[in-house]
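Have a look at the structure below before the remarks.
The values are calculated or read from the model by the stated rules, or taken from the named source; none is laboratory data. The model shown is predicted, which means the values in this text are computed figures rather than measured ones. Cβ placement follows ideal geometry from the backbone for every residue including glycine, while neighbour counts extend to all protein chains displayed.
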Amino acid sequence: MSNVSKLRWRLLYATLTALFLAVAMLEAANAGPFDVALAAAEQGDYVTALRLWRSLAEQGDADAQYNLGVMYGNGDGVPRDYAEAMKWHRKAADQGNGNAQFNLGFMYDLGRGMPQSYIDAAKWYSLAANQGVAIAQFKLGVMYHHGQGVPQDYVRAHMWFSLAALQFPASEMENRDEAVKARDFVASKMTSAEIAEAQKLAREWKLQPEK
């Protein structure tokens, strides 16, 4: 297994629990029930959180749909059900929720709840990465490095690792360091011209808002 592969899996499992336990903090259209559900989930009252988020999710609230997917993916207050998690993540992802897009990519990447598909994983990682989701940028860099679901492209891999290193917050310094190490590992296989091109692409990259 290559060094980047080791980095990939170490980062993946180091962040998996946080990703599936994370609760979207974005303002929901109906803030009252959403915030009550948020507080309930943080206190371990998943029955209340599930009831309130399901109601909002069925009304089309993307953040509630994402959180419902998280609960089913993690088995919080319900039996773990990847098919149900995927259903709700897909609804949120189709509305442009970057975290849901990443989780769909992650599920396709590992074949959780559906057959493994690197092509589908790369598609959803790309959508999330372009919204600035750092872990999606890292994973997309891994896929370009190995040619999984996309043509192998060290320039694109270097670009996405660079962007991930910038996007990871200070609270995720270890993940930021992993992205830097992965970028430098890929750089060791590149020419100076290729590195310059990757750096130019990273500088020119622009955040894409939710659609």
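Could you tell me whether segment 19-28 includes any residue that is farther than 20 Å from Ala83 by Cα, part of a helix (DSSP H, G or I) and modelled with pLDDT under 95? Within segment 19-28, none of the residues are farther than 20 Å from Ala83 by Cα, part of a helix (DSSP H, G or I) and modelled with pLDDT under 95.
Looking across Ala129, Ala92, one residue alone is of a type outside the set (D, E, K, R), modelled with pLDDT of 95 or more and outside the structural domain of Leu201 (by TED's automatic domain parsing). It is Ala92. For Gly32, the requirement of being surrounded by fewer than 22 Cβ atoms within 10 Å (Cβ to Cβ), under 30 Å from Val142 (Cα atoms) and free of Cβ contacts under 8 Å to residues at least 12 places away in the same chain is not met. Exactly one residue out of Tyr118, Tyr125 is of a type in the set (Phe, Trp, Tyr) and surrounded by fewer than 24 Cβ atoms within 10 Å (Cβ to Cβ), and it is Tyr118. Does segment 169-181 include one or more residues that are in contact with a helix residue (DSSP H, G or I) (Cβ under 9 Å, 6 or more places away or on another chain), free of Cβ contacts under 8 Å to residues at least 24 places away in the same chain, surrounded by fewer than 24 Cβ atoms within 10 Å (Cβ to Cβ) and acidic (Asp, Glu)? Within segment 169-181, one or more residues are in contact with a helix residue (DSSP H, G or I) (Cβ under 9 Å, 6 or more places away or on another chain), free of Cβ contacts under 8 Å to residues at least 24 places away in the same chain, surrounded by fewer than 24 Cβ atoms within 10 Å (Cβ to Cβ) and acidic (Asp, Glu).
Screening segment 134-167 for residues that are hydrophobic (A, V, I, L, M, F, W, C) and surrounded by fewer than 22 Cβ atoms within 10 Å (Cβ to Cβ) and picking the one that is nearest to Asp94 (Cα to Cα) gives Val150.
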